[in-house]
Amino acid sequence: MATPSAGLESISLWIGTIGMTLGTLYFIAQGWSVRDPEQQEYYIITIFIPAIAAASYFSMAMGFGLIEVPVEGLGTLEIYWARYADWLFTTPLLLLDLALLAGADRNTIATLVGLDVFMIITGVVGALARTGQAQRIAWWAISTGALIVLLYYLLGSMSEQASRMSGDRAALFGRLRNLVLVLWSFYPIVWILGTEGGLAIIPLPVETAAFAVLDISAKVGFGIILLNSRSALGEAEIAEPAQTAD
């Protein structure tokens, strides 16, 4: 079993563990006195996001989420498979938060979650590929293509549905959507330049630190913005169209 090397890599994993744990505890404390059923739904979903990530980071810090993959022409690469297990559960939950906020229909939710799962699975296939760098890059391109389509849906169908919600709620959706658009766009860049892509332009310790910063921002940061906007979370009504004078 591989273990994380000392230094920046190990420190980043423990920072990820602590950051996600503190985020979970903070969200639990914030939602302890919430009695509104709709707001409780957001808290339940959002609490599980950093909680799952905390378990993933702890496993990586302890060496359980790390394996060595022999790759033709590249030698043996260290791959954190637990990172993908984290994303497979947490990113659909995050999208569900956005979908509930936007009042999205079932078809839109199913499309987003399907694209997300496809993106993560093709990403892990690329990370575990053993037949050379070209195959890894091909899987990265497939996974990144799914991400681009997913972000297109966020900007298109989801944003259109959110625009029909009341003012504060629509504005909150816009802030969170933009956060997701920016942060999620960095993941494939770090992937292809790091160990998973085989280019190793970014060494594993720096790659691990970059993913930790992105994960904490995309999960805990997202949750803080969402759950600190209780007034918007309670506004489920559709905004009324403006009335014209007779």
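Cβ separations smaller than 9 Å between residues 6+ apart or across chains give the following pairs from segment 129-147 residues that are buried (at least 20 other Cβ atoms within 10 Å of the Cβ) to residues that are modelled with pLDDT under 95 and polar (S, T, N, Q): Ala129/Gln135. When the criteria are applied in full, Ala232 fails the requirement of being of a type in the set (Gly, Ala, Ser), part of a loop (DSSP other than H, G, I, E, B) and modelled with pLDDT under 95. If you go through segment 85-118 one residue at a time, how many are in contact with a Ser or Thr (Cβ under 9 Å, 6 or more places away or on another chain), within 19 Å of Ile142 (Cβ to Cβ) and among the hydroxyl-bearing types (Ser, Thr, Tyr)? Summing the residues that are in contact with a Ser or Thr (Cβ under 9 Å, 6 or more places away or on another chain), within 19 Å of Ile142 (Cβ to Cβ) and among the hydroxyl-bearing types (Ser, Thr, Tyr) in segment 85-118 gives 1. Counting the residues of segment 122-166 that are under 21 Å from the mean Cα position of the chain (by Cα), closer than 30 Å to Glu68 by Cβ and not aliphatic (A, V, I, L, M) gives 8.
Here is a yes/no grid of residues against (1) closer than 30 Å to Leu128 by Cβ; (2) in a helix (DSSP H, G or I); (3) modelled with pLDDT of 95 or more; (4) among the aromatic types (Phe, Trp, Tyr):
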{"site": "Gly174", "(1), (2), (3), (4)": "no, yes, no, no"}
{"site": "Val180", "(1), (2), (3), (4)": "yes, yes, yes, no"}
{"site": "Ser185", "(1), (2), (3), (4)": "yes, yes, yes, no"}
{"site": "Gly197", "(1), (2), (3), (4)": "yes, no, no, no"}
{"site": "Leu214", "(1), (2), (3), (4)": "yes, yes, yes, no"}
{"site": "Val220", "(1), (2), (3), (4)": "yes, yes, yes, no"}
{"site": "Ala242", "(1), (2), (3), (4)": "no, no, no, no"}
{"site": "Ala245", "(1), (2), (3), (4)": "no, no, no, no"}
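The values are calculated or read from the model by the stated rules, or taken from the named source; none is laboratory data. Keep in mind the model is a prediction, meaning the values are calculated, not measured. Note that we place each Cβ from the backbone using ideal geometry, even for glycine, and neighbour counts take in every protein chain shown.
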